[in-house]
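The values are calculated or read from the model by the stated rules, or taken from the named source; none is laboratory data. The model shown is predicted, which means the values in this text are computed figures rather than measured ones. Here the Cβ is made from the backbone with ideal geometry for all residues, glycine too, and neighbour counts use every protein chain on show.
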Amino acid sequence: MRFVAPTRATLDRAVLQRPPLAAWREAGDWMAAAQFPRVEELNRDWNSGWRFVEQTPQLLADGLHYESRIHARAEIATRADNWHDFFNALIWRRYAPLKAALNRRQVAEIARMGDKQRNRAQCALTHFDEGGVIVVLRDPALLARWNAHDWHGLFWDARQAWADGAIRAEVFGHALLEMALVPDKLITGKAIALIDHAVAAPADAIATLAHAIDSGAVLTDPQELRALPVSGIPGWHSANADAAFYAQAECFRPLRAGRVYPEPLPVAAAGTLP
């Protein structure tokens, strides 16, 4: 069933104070306002080389694929009064290097496949774009729990690790942010894991991931993406203060037989990437 977000008039604004939406304080006024910002507002104070343009019949008359238009014209088609495209704009504003890397890969695949067919790489790129989560671990021991879908161990036994930064998650997928508009909706993301051995700056993890996407080292197949029920992250769902939540909620699924996740990307320090 297609997800339908609440309207601004019916939105329970308490969700804006809870992760993951609480992490977007720079856009808090836009999220809480009675009306969506126009593209002119979205472009304000964003000197990135790209710009948001309203998706109208006149714009679409150019016949360009959405990704091709971004690549050729630096124009990001954005539907008016639409939560999905609004959150996409927020992601572009915060994570432009990652979005640009995804776009370059998509355009390269379109050149190979045409704009009517999709290969597994395109599916992986889209899944991460829509539902992606960036997870940075400083404690490698947590990886074994995640690999085994030991959700009680990862989220309950290791609650302090989420508080002290031994593991942290950033929602990158704009579809996940849209789903978070529904109070206590069970949400599972498609994650890429990075391992940080040197307590690097957060920007180093983003730069590492952008380089890996650009080089084709990641997102060549949807099976690379790790399931992460973000509703289990402490504080991200009202029910997860109870250990029973991890045994009962349907988002905590066991590992499928034969499923193996790739090794995490090592975070490269600033200035060391090619």
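Of the candidates GLN58, GLN35, the single residue that is touching a residue at least 12 places away in the same chain (Cβ under 8 Å) and of a type in the set (S, T, N, Q) is GLN35. Within the range 143-160, restricting attention to residues that are in contact (Cβ under 8 Å) with a residue 60 or more places away in the chain and in a loop (DSSP other than H, G, I, E, B), which residue is farthest from TRP236 (Cα to Cα)? Looking at the filtered set, the residue picked out is ALA148.
For the range 162-183, enumerate the residues that are touching an Asp or Glu at 6+ places or on another chain (Cβ under 6 Å) and in a helix (DSSP H, G or I). Across the range 162-183, the qualifying residue is only ALA175.
Residue-wise test of (1) modelled with pLDDT under 95; (2) under 17 Å from LEU142 (Cα atoms); (3) touching a strand residue (DSSP E or B) at 6+ places or on another chain (Cβ under 7 Å); (4) part of a loop (DSSP other than H, G, I, E, B).
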{"residue": "ALA191", "(1), (2), (3), (4)": "no, yes, yes, no"}
{"residue": "THR220", "(1), (2), (3), (4)": "no, no, no, yes"}
{"residue": "CYS251", "(1), (2), (3), (4)": "no, no, no, yes"}
{"residue": "TYR261", "(1), (2), (3), (4)": "no, yes, yes, yes"}
{"residue": "PRO274", "(1), (2), (3), (4)": "yes, no, no, yes"}
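Before we move on, is ILE110 hydrophobic (A, V, I, L, M, F, W, C) and closer than 24 Å to TRP30 by Cα? It is false that ILE110 is hydrophobic (A, V, I, L, M, F, W, C) and closer than 24 Å to TRP30 by Cα. Filtered by the rule that a residue be under 22 Å from the mean Cα position of the chain (by Cα) and at positive phi, the range 219-274 gives LEU219, GLY235.
Close contacts from the range 1-14, counting a first residue that is in contact (Cβ under 8 Å) with a residue 24 or more places away in the chain and a second that is part of a helix (DSSP H, G or I) and among the hydrophobic types (A, V, I, L, M, F, W, C), with Cβ to Cβ under 6 Å and a gap of 6+ residues or different chains, come to ALA5/TRP83.
Those helices (runs of 4 or more DSSP H) of the range 75-142 in which 2 or more residues are surrounded by 19 or more Cβ atoms within 10 Å (Cβ to Cβ), in the same structural domain as ILE195 (by TED's automatic domain parsing) and under 11 Å from the mean Cα position of the chain (by Cα) occupy 120-131.
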